[in-house]
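*Asks:* Here you go, one structure.
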Amino acid sequence: MADLFHNLALGFGVAVSPINLMLCLIGALVGTLVGVLPGIGTIATVAMLLPITFGLPPVGALIMLAGIYYGAQYGGSTTSILVNIPGEATSVVTTLDGFQMAKQGRAGPALAIAAIGSFFAGCVATVLIAVLGAPLTKLALAFGPAEYFSLMVLGLIFAVVLAKGSLLKAIAMIVFGLLLSMVGSDIETGASRMAFNVPELADGLGFATVAMGVFGFAEIIRNLDAGAEMDRQLVQQKISGLMPTKKDMIDAFPAICRGTVLGSILGILPGGGAVIASFAAYTLEKKIAKDPSRFGRGAIEGVAAPESANNAAAQTSFIPLLTLGIPPNAVMALMVGAMTIHGIVPGPQVMQKQPELVWGMITSMWIGNLMLIIINLPLVGIWVRLLRVPYRLMFPSIVVFCAIGIYSINNAPVDVVLAGAFGLVGYWLIKHEFEPAPLLLGMVLGPLMEENLRRALLISRGDWSVFITRPLSAVLMAGAAGLLVLAVLPTLRKKRDEVFVESEG
Amino acid sequence: MSDTPSAGAGKSITPKWIRGPQDFVGGLALMAVALFALWASSDLQGMHGFSFGAGTAPRMFAVLLLGLGAVIALMGILQDGPHVARYAWRGPLFVSLAILCFAVAIRPLGLVVSGLASFLISALGTPETRWVETIIVGICLTIGCALLFPYVLGLPMPLFPRFLVQ
């Protein structure tokens with residue numbers, strides 16, 4: 001317990017320095033600013049803003065990134081509520097009741113309860129990270145290569161199960177990502193693989209490059225042909241009355257608590273992350289409500305629970321990243337990219353060798369949440385006005401901003417061209433209903449998986465059964481297999497089939 | 001791998017026995033990517049004894065992708081599914097051109113010229129563009145970026161054309 005307070009105090013000591021507070025504030029502000037743009041989700045926001053943190057010292061950069069992340073998440077919720085455009089997958093559920101509330105002129109309370117719920121969830125999750133961080137690091141030390149490999153398989157299966165649409169296609173995307181990660185030098189032999197003597201490819205495909213291509217550029221291209229202008233359904237009423245009433249608070253509070261608990265648990269699991277947490281929380285609320293028919297017609301619980309859950313999950317998903325070095329979702333994968341750029345290899349060692357970095361980041365997450373409340377409640381009016389910027393002016397700006405951003409990573413024009421090419425690949429993937437998120441996850445986990453697979457097989461002298469004979473690894477593999485079976489079972493797939501029928505008709 | 005699998009582009013008429021053209025074409029393209037990767041990694045060393053060579057993992061993943069692509073394509077034949085969506089040409093073309101223009105021009109011509117140029121080129125990507133406001137916004141954005149990236153964020157990049165600076 002003393003350890004816990006010591007750690008938190010250390011963290012606050014780092015995070016509360018004026019410069020870091022500033023960075024956190026700027027990050028949260030810019031993150032919200034970009035995240036509130038329709039069509040630009042959390043991943044794209046973080047990918048786009050990644051370069052602006054390169055010039056900073058590592059701690060500052062990570063703190064700012066944490067701010068950007070939370071800002072982007074909250075920005076996504078804002079557009080869900082105000083204009084029924086989810087900025088990202090995690091806030092899709094929020095649109096169901098949030099936009100209905102906005103239509104009834106209750107956008108203020110909806111936005112406020114989303115912010116309050118997120119803040120509450122953030123507080124709980126911060127403590128949870130501080131409590132669980134150290135023990136989980138010890139557990140991580142018991143992990144051999146076989147366990148790591150199995151855990152990553154489990155994480156990837158999670159990502160597959162949660163992806164929209166066809167299971168098979170999601171698996172294919174992961175494998176495509178794994179294959180892309182093979183480009184560049186081999187870790188052990190140094191042999192150049194599939195690089196075609198292009199010097200810029202010797203280090204492999206840049207993660208930010210691919211992410212910006214398949215999310216940023218592809219999204220822009222797609223919005224252009226979809227006629228994004230027509231999708232905008234602005235809430236014309238002026239937002240009046242910001243704060244929720246006492247009754248709202250009483251209704252929402254239990255939902256916030258349930259959402260927080262659910263989100264925290266799901267966030268820790270690799271691959272779980274914020275998306276499933278928000279869906280699960282919404283489903284739970286609807287199940288236990290006395291009058292489920294209120295949902296979808298502006299029930300405040302329908303905003304409070306998923307928003308709390310996705311924030312709690314977003315926060316606790318730092319746990320597998322910091323303790324095991326395994327990014328549980330695509331955004332965390334970007335964080336790994338950022339860390340690597342600053343020369344930090346995430347994993348148990350970071351916790352021990354650079355405690356001020358880890359704890360500084362954890363506490364700054366909490367501060368980031370606080371900043372979000374401070375920034376967003378008064379600024380709602382401005383966000384709405386930003387949404388009125390016509391897309392014909394917005395998209396060239398995004399193109400230029402992305403291009404400069406990618407160029408600034410390595411000062412390499414080739415990277416910009418590559419990102420453009422991946423933009424076209426991403427456009428193609430969208431057209432064929434392939435999800436780009438699993439691809440990104442596969443790409444990040446690829447080198448780690450290969451390394452651990454090689455080591456595990458080397459230690460076991462080529463015996464593949466090592467993955468099921470070591471108990472911890474066997475449990476993880478069984479979990480992965482179980483998940484896959486569950487996902488294929490018709491009951492769980494019902495919803496998917498419904499979607500399919502609709503698209504055919 | 002920067003090759004764009006654009007095999008399905010423009011193919012709106014597919015034989016009747018293919019019931020889900022979207023998946024069919026998608027699967028075929030993934031198979032093409034996998035075959036390309038197999039070819040590209042064919043010069044790498046494979047397994048020796050029970051330790052992996054440089055080429056083992058890439059080939060493993062490529063074979064896996066080949067199989068998955070084949071199954072997806074097969075499903076496209078057997079199951080009813082959506083048609084290949086129509087590709088727009090205007091957006092992708094001009095956005096790609098803008099990106100390409102930026103990449104080519106940033107070194108010799110600097111941020112100001114290449115930024116504005118790629119802004120204007122990408123604005124061609126939609127018929128909605130109104131030129132007066134686009135040019136004004138483009139200039140403002142370029143000035144903003146010219147201040148933001150090199151000065152505020154301290155990222156080194158050339159601002160003006162090389163022949164003017166020297």
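*Asks:* Which of the residues belonging to region B:20-45 are closer than 12 Å to B:Ile72 by Cα and not small (Gly, Ala, Ser)? Even if it seems obvious, please write down each step before you answer.
*Replies:* Applying the first criterion (closer than 12 Å to B:Ile72 by Cα) to region B:20-45 yields B:20-31.
Answer for region B:20-45, where residues must be closer than 12 Å to B:Ile72 by Cα and not small (Gly, Ala, Ser): B:Pro21, B:Gln22, B:Asp23, B:Phe24, B:Val25, B:Leu28, B:Leu30, B:Met31.
Let's see how each residue does on (1) at pLDDT 80 or above; (2) within 14 Å of chain B (Cβ to nearest Cβ):
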position	(1), (2)
A:Val161	no, no
A:Ser166	no, yes
A:Phe217	yes, yes
A:Asn223	no, yes
A:Ala228	no, yes
A:Asp231	no, yes
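*Asks:* Can you work out which of the residues in region A:174-195 that are within 17 Å of A:Asn452 (Cα to Cα) and at the interface with chain B (Cβ under 7 Å from one of its Cβ atoms) is modelled with the lowest pLDDT?
*Replies:* If we take residues in region A:174-195 being within 17 Å of A:Asn452 (Cα to Cα) and at the interface with chain B (Cβ under 7 Å from one of its Cβ atoms), then A:Thr189 is modelled with the lowest pLDDT.
*Asks:* Could you list, in sequence order, the residues of region B:78-113 that are more than 8 Å from every other protein chain (Cβ to nearest Cβ), free of Cβ contacts under 8 Å to residues at least 60 places away in the same chain and on the phi < 0 side of the Ramachandran plot?
*Replies:* B:Leu78, B:Trp89, B:Leu93, B:Phe94, B:Leu97, B:Cys101, B:Ala105, B:Pro108, B:Leu109, B:Val112, B:Val113
*Asks:* Let me ask you something else. For B:Phe36, are the conditions met, namely being facing chain A (nearest Cβ under 7 Å), in a helix (DSSP H, G or I) and either modelled with pLDDT of 85 or more or closer than 19 Å to A:Ile430 by Cβ (or both)?
*Replies:* Values: facing chain A (nearest Cβ under 7 Å): no; in a helix (DSSP H, G or I): yes; either modelled with pLDDT of 85 or more or closer than 19 Å to A:Ile430 by Cβ (or both): yes.
In short, no.
*Asks:* Do you know which residues across region B:78-136 are under 20 Å from A:Glu219 (Cβ atoms) and in contact with a Cys (Cβ under 6 Å, 6 or more places away or on another chain)?
*Replies:* B:Ser118, B:Ile121
*Asks:* While we're on this one: Being closer than 15 Å to A:Gln315 by Cα and of a type in the set (A, V, I, L, M, F, W, C) narrows it down to one residue among A:Leu50, A:Leu62; which is it?
*Replies:* Values: A:Leu50 fails: closer than 15 Å to A:Gln315 by Cα.
Within the list A:Leu50, A:Leu62, the selection yields A:Leu62.
For (1) in a loop (DSSP other than H, G, I, E, B); (2) touching a strand residue (DSSP E or B) at 6+ places or on another chain (Cβ under 9 Å); (3) of a type in the set (Phe, Trp, Tyr), each residue gets a yes or a no:
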residue: B:His83; (1), (2), (3): yes, no, no
residue: B:Arg86; (1), (2), (3): yes, no, no
residue: B:Leu97; (1), (2), (3): no, no, no
residue: B:Phe119; (1), (2), (3): no, no, yes
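*Asks:* Out of (1) at pLDDT 65 or above; (2) touching a Lys or Arg at 6+ places or on another chain (Cβ under 9 Å), what's the single condition that is false for A:Gln237?
*Replies:* It is condition (1) that A:Gln237 fails.
*Asks:* Now for a different question. Give region A:48-62 a look and list any residue that's at pLDDT 75 or above and within 18 Å of A:Val399 (Cβ to Cβ), or say none.
*Replies:* A:Leu49, A:Leu50, A:Ile52
*Asks:* Tell me yes or no: at least one residue of region A:449-472 is over 25 Å from B:Thr129 (Cβ atoms), of a type outside the set (Val, Ile, Thr) and under 23 Å from the mean Cα position of the chain (by Cα).
*Replies:* Taking region A:449-472 first, the residues over 25 Å from B:Thr129 (Cβ atoms) are A:449-472.
Of the ones still in play, those that are also of a type outside the set (Val, Ile, Thr) are A:449-458, A:460-465, A:467, A:470-472.
Of the ones still in play, those that are also under 23 Å from the mean Cα position of the chain (by Cα) are A:449.
Scanning region A:449-472 turns up at least one residue that is over 25 Å from B:Thr129 (Cβ atoms), of a type outside the set (Val, Ile, Thr) and under 23 Å from the mean Cα position of the chain (by Cα).
*Asks:* Given the criterion buried (at least 17 other Cβ atoms within 10 Å of the Cβ), in contact with a helix residue (DSSP H, G or I) (Cβ under 8 Å, 6 or more places away or on another chain), closer than 25 Å to A:Gly423 by Cα and at pLDDT below 85, identify the matching residue among B:Gly125, B:Gly138.
*Replies:* Details: B:Gly138 fails: at pLDDT below 85.
After applying the criteria, what remains is B:Gly125.
*Asks:* Sticking with this structure for a sec: So which of B:Thr142, B:Thr134 ends up being at the interface with chain A (Cβ under 9 Å from one of its Cβ atoms), free of Cβ contacts under 8 Å to residues at least 24 places away in the same chain and not in a loop (DSSP other than H, G, I, E, B)?
*Replies:* One residue alone meets the criteria, B:Thr134.
*Asks:* Moving on to the next point. Specify the residue that is farthest from the other protein chains (Cβ to nearest Cβ); the eligible residues are those in region A:436-447 that are out of contact with any Pro (no Cβ under 8 Å at 6 or more places or on another chain) and crowded, with 22+ Cβ neighbours inside 10 Å.
*Replies:* Within region A:436-447, the first condition is being out of contact with any Pro (no Cβ under 8 Å at 6 or more places or on another chain), and the residues that meet it are A:436-440, A:442-443, A:446-447.
With the extra rule that they be crowded, with 22+ Cβ neighbours inside 10 Å, the set shrinks to A:436-440, A:442-443, A:446.
On the way: A:Pro436: 13, A:Ala437: 17, A:Pro438: 12, A:Leu439: 11, A:Leu440: 15, A:Gly442: 9, A:Met443: 11, A:Gly446: 8 Å.
Once the filter is applied, the top-ranked residue is A:Ala437.
*Asks:* Can you find a residue that is surrounded by 18 or more Cβ atoms within 10 Å (Cβ to Cβ) and at pLDDT 85 or above anywhere in region B:78-85? Even if it seems obvious, please write down each step before you answer.
*Replies:* First pass over region B:78-85, keeping only residues surrounded by 18 or more Cβ atoms within 10 Å (Cβ to Cβ): B:81, B:84.
After this cut, where a residue has to be at pLDDT 85 or above as well, the list is none.
Checking region B:78-85: not a single residue is surrounded by 18 or more Cβ atoms within 10 Å (Cβ to Cβ) and at pLDDT 85 or above.
*Asks:* Only one of B:Ala117, B:Ala37 is surrounded by 15 or more Cβ atoms within 10 Å (Cβ to Cβ), in contact (Cβ under 8 Å) with a residue 12 or more places away in the chain and either in contact with a Ser or Thr (Cβ under 8 Å, 6 or more places away or on another chain) or in the same structural domain as B:Pro21 (by TED's automatic domain parsing) (or both). Can you tell me which? It would help to see each step written out before you state the result.
*Replies:* Details: B:Ala117 fails: either in contact with a Ser or Thr (Cβ under 8 Å, 6 or more places away or on another chain) or in the same structural domain as B:Pro21 (by TED's automatic domain parsing) (or both).
The match here is B:Ala37.
Results for (1) more than 30 Å from B:His48 (Cβ to Cβ); (2) modelled with pLDDT under 80; (3) within 11 Å of chain B (Cβ to nearest Cβ), shown as yes or no for each residue.
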{"residue": "A:Ala456", "(1), (2), (3)": "no, no, yes"}
{"residue": "A:Trp464", "(1), (2), (3)": "no, no, yes"}
{"residue": "A:Ile468", "(1), (2), (3)": "no, no, no"}
{"residue": "A:Pro471", "(1), (2), (3)": "yes, no, no"}
{"residue": "A:Ala480", "(1), (2), (3)": "no, no, no"}
{"residue": "A:Leu484", "(1), (2), (3)": "yes, no, no"}
{"residue": "A:Thr491", "(1), (2), (3)": "yes, yes, no"}
{"residue": "A:Asp497", "(1), (2), (3)": "yes, yes, no"}
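*Asks:* Between B:Phe160, B:Phe102, B:Phe52, which is surrounded by 14 or more Cβ atoms within 10 Å (Cβ to Cβ), aromatic (Phe, Trp, Tyr) and over 20 Å from the mean Cα position of the chain (by Cα)? Show your work before the answer.
*Replies:* Values: B:Phe160 fails: surrounded by 14 or more Cβ atoms within 10 Å (Cβ to Cβ); B:Phe102 fails: over 20 Å from the mean Cα position of the chain (by Cα).
Criteria check complete, one pass: B:Phe52.
*Asks:* For residues that are outside any helix (DSSP H, G or I) and crowded, with 24+ Cβ neighbours inside 10 Å, tally how many sit in region A:385-431.
*Replies:* Filtering region A:385-431 down to residues outside any helix (DSSP H, G or I) leaves A:387-390, A:411-412.
Filter once more, keeping what is crowded, with 24+ Cβ neighbours inside 10 Å: none.
Number of matching residues: 0.
*Asks:* Additional query: Do we have any residue at all in region B:61-77 that's more than 9 Å from chain A (Cβ to nearest Cβ) and assigned to a loop (DSSP other than H, G, I, E, B)?
*Replies:* no
The values are calculated or read from the model by the stated rules, or taken from the named source; none is laboratory data. As the structure is a prediction and not an experimental result, all values here were calculated from the model. Counting neighbours? That spans all protein chains shown, and the Cβs are built from the backbone with ideal geometry, glycine included.
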